[in-house]
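> First, the structure itself, so that you have it in front of you.
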Amino acid sequence: MQTLNTPDYIVMGVMLALSFGIGVFFAVRSKNTRENYLLGNRQMGVVSVAVSMFVTLQSAVSLMGYPAEIYTYGTMIIYLFISRSFTYVAGVYTCLPLLYPLRIVSIYEYLGRRFDSTAVRMMGTSFGMLQTVIYMAVALFSPALALQTCAGIPLWMSIVIVGLVGTVYTSIGGIKSVVWTDVVQSVFMFGGMVLVIVLSMNRIGTLQEVWEINLHEKRVQLNELSPDPRVRHSVWGICLGGFFNWYVNMFIQSTMQRMCAIRSMKGASIAFLLNIPMLLLYGLLLVITGLFLVAYYFTTKCDPYQAGYITNRNQIMPFFVLDVLGSYPGLAGLYMSALFSGALSSLSSGINALAANTVEDVLATPLRRASERTSTIVAKLAVCFYGLLAIGMAYLIRTLQGPVTQMIQAVDGAAGGPLLGMFFLGAVFPKANKVGALCGGLSALVVTVSISVLQKLHGVATTPLHPAPLDACAVESYQENSTMSFTALELLNTTVPRDDIQLSHHKTLSDVPFYLYDVSYMWYGFIGFLVAMVVGVITSVITASRYPQSPDPQLLFPFARRLWKKVSGTNGMQLTPLPGNETYIPPQKDSQEDTPPTFNSEVASTVKMPSQI
């Protein structure tokens, strides 16, 4: 079994030093204001923000998880990258024109304005922060698991090292350091994948040969058309359910911060659309890597999981990389740097977003009269707190089993689906009120969390595809007097148990009646969205007489404005008062996308502010 060597550690150290150095650079150069720390003074470039937006949502989870997913369950996951690309198009026509003109710092401020309720705003903040914390923990856990596989380094040590580096450079440099480290880290991520594919060809063969091996071993699966929502991956589930599971990321704090950090709405639209080719290229590289992973172990005839060399299927990708690149000094370290880059980008973006939520939502009242310096210091302390929290959470989830990609999407769907429903409830239905938002959001969260927990406890697990044979492992074991697998396990020094299928999961879908908790995790986001919308609309209709709503059209999606304008027959559209006795003056139609929003203080002085925002 190969292990990391000195050049590998040097490459990893260089990557961590670059990330830390960028944070120090922007800490020295940037002004110490809250606007600059959280939004880069809303003057950041389109391309850099687009790359940061992409890298933020693509963590070490995807680098490790999707090749392992193809090895274990096949290539149906290809459709996921196609469905995700459409979410950015939807974002250009929904969240971008809704949120960008408001010039808010926290995305959940919209909920407070729209429903005129602090309770709705805080509930949305809680949902979003919960989703972000769990996502950061899983993203931080993944490279630590890989480093444990490749070097025998204890899990806690890897988590602490990566977590502290990300926390420190984020706390001192703010959003600018996060964005530019994301740009640097994207080079490591793409470079690491390309390197693995190119050097794998020397060991395995051409892409055509690899494809034929995958066809023979039935890994190429693209025609699962079952309408049964319990099927783990079907075309319908991935295309529709996967769309909503990813669409929730258009309405999270880290995405909104990047969107609002760009100079103009036209630039923000370009940044959204630039994510589509990056996502498709990234997905293609991940799929090709997974195909090479399959071909390699079926050619060498030694499945590392079945042989006991690894104790978790999520470790198979770093084990494969170490085997293929281990003889090239520094190259295995480059791939490990790619994993760390993915983890650092997700961690830094997450804790920066949580700091913004803390300052703008949780501590908004105490900090209302605080100076810019005080607010910035509080934001930096919040970054440190959430960084340490992510480190602790990452260590606590070490015993969780199953594909890390499934974990992260289940979290996005279970927590993000209800939140997405609350945003759509307010942005589509003018008569929706705060009671409907509260009831809809809570009902949806209870449903999605219950489904995910019951699925883990009592659901029918999907049987993995047949593994690679153990012929070569058996031969080597006999030659080593059957000590090879024990030596490998001792080298791993792991505390993570094997993720064998539990005995209670030996049933198949055809053996049991339909239970909601057997529904695929791909549908969690859609279920949460639908429950929040339906319950919210019904509750709002019932309570309409007590809590009437006449929201400003600016707080609705553009298509909803046009729709309800036709229905109601009204022509006028009010202006939305903003904090600080200012009012938003929309740019003229011919320059709407090129000119940043402006403010008219004279008009603002005549506008009466609402009692609650």
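The values are calculated or read from the model by the stated rules, or taken from the named source; none is laboratory data. On a predicted model such as this, the values are computed, not experimentally measured, just so you know. In this analysis, Cβ positions are derived from the backbone assuming ideal geometry, glycine residues included, and neighbour counts consider all displayed protein chains.
> Can you name every residue in segment 58-97 that is in a helix (DSSP H, G or I), among the hydroxyl-bearing types (Ser, Thr, Tyr) and more than 13 Å from CYS239 (Cβ to Cβ)?
Hits for segment 58-97 are SER62, TYR66, TYR71, THR72, TYR73, THR75, TYR88, TYR93.
> A further question follows. Sort through ALA268, ALA332, ALA338, ALA343 and tell me the only one that's small (Gly, Ala, Ser) and modelled with pLDDT of 85 or more.
Only one candidate passes the filter, namely ALA268.
One line per residue, one yes/no per condition, for (1) of a type in the set (Ser, Thr, Tyr); (2) surrounded by fewer than 24 Cβ atoms within 10 Å (Cβ to Cβ); (3) out of contact with any His (no Cβ under 8 Å at 6 or more places or on another chain):
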residue	(1), (2), (3)
ASP8	no, no, yes
ALA17	no, yes, yes
PHE26	no, yes, yes
SER48	yes, yes, yes
MET53	no, no, yes
SER83	yes, yes, yes
VAL89	no, yes, yes
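> Within segment 502-558, take every residue that is aromatic (Phe, Trp, Tyr) and outside any loop (DSSP other than H, G, I, E, B) and give me the one that is modelled with the lowest pLDDT. Show your work before the answer.
To start, the set of residues in segment 502-558 that are aromatic (Phe, Trp, Tyr) comprises 514-515, 517, 521, 523-524, 526, 529, 547, 557.
Restricting the remaining residues to those that are outside any loop (DSSP other than H, G, I, E, B) gives 517, 521, 523-524, 526, 529.
Numbers: TYR517: 82, TYR521: 90, TRP523: 92, TYR524: 92, PHE526: 94, PHE529: 95.
So, considering only residues that are aromatic (Phe, Trp, Tyr) and outside any loop (DSSP other than H, G, I, E, B), the one modelled with the lowest pLDDT is TYR517.
> Suppose we filter VAL89, VAL120 for residues that are touching a residue at least 12 places away in the same chain (Cβ under 8 Å), touching a Lys or Arg at 6+ places or on another chain (Cβ under 8 Å) and more than 30 Å from PHE292 (Cβ to Cβ); which single one remains? First the steps, then the outcome.
Details: VAL89 fails: touching a Lys or Arg at 6+ places or on another chain (Cβ under 8 Å).
Only one candidate qualifies: VAL120.
> Under 7 Å between Cβ atoms, which residue pairs at least 6 apart in sequence (or on different chains) link something in segment 1-26 that is farther than 9 Å from SER337 by Cα with a partner that is among the charged types (D, E, K, R) and surrounded by 15 or more Cβ atoms within 10 Å (Cβ to Cβ)?
GLN2/ASP323; PHE26/LYS176
> So if I check each of MET129, MET189, MET193, MET157, which one is in contact with a helix residue (DSSP H, G or I) (Cβ under 9 Å, 6 or more places away or on another chain), in a helix (DSSP H, G or I) and surrounded by fewer than 21 Cβ atoms within 10 Å (Cβ to Cβ)?
Exactly one residue qualifies, and that residue is MET157.
> Of everything in segment 189-232, what is within 27 Å of SER59 (Cα to Cα) and among the polar types (S, T, N, Q)? Give them in sequence order.
Passing the criteria: SER200, ASN214, GLN221.
> When you scan segment 54-73, do you find a residue that is aromatic (Phe, Trp, Tyr), closer than 20 Å to VAL178 by Cα and in contact (Cβ under 8 Å) with a residue 24 or more places away in the chain, even just one?
yes
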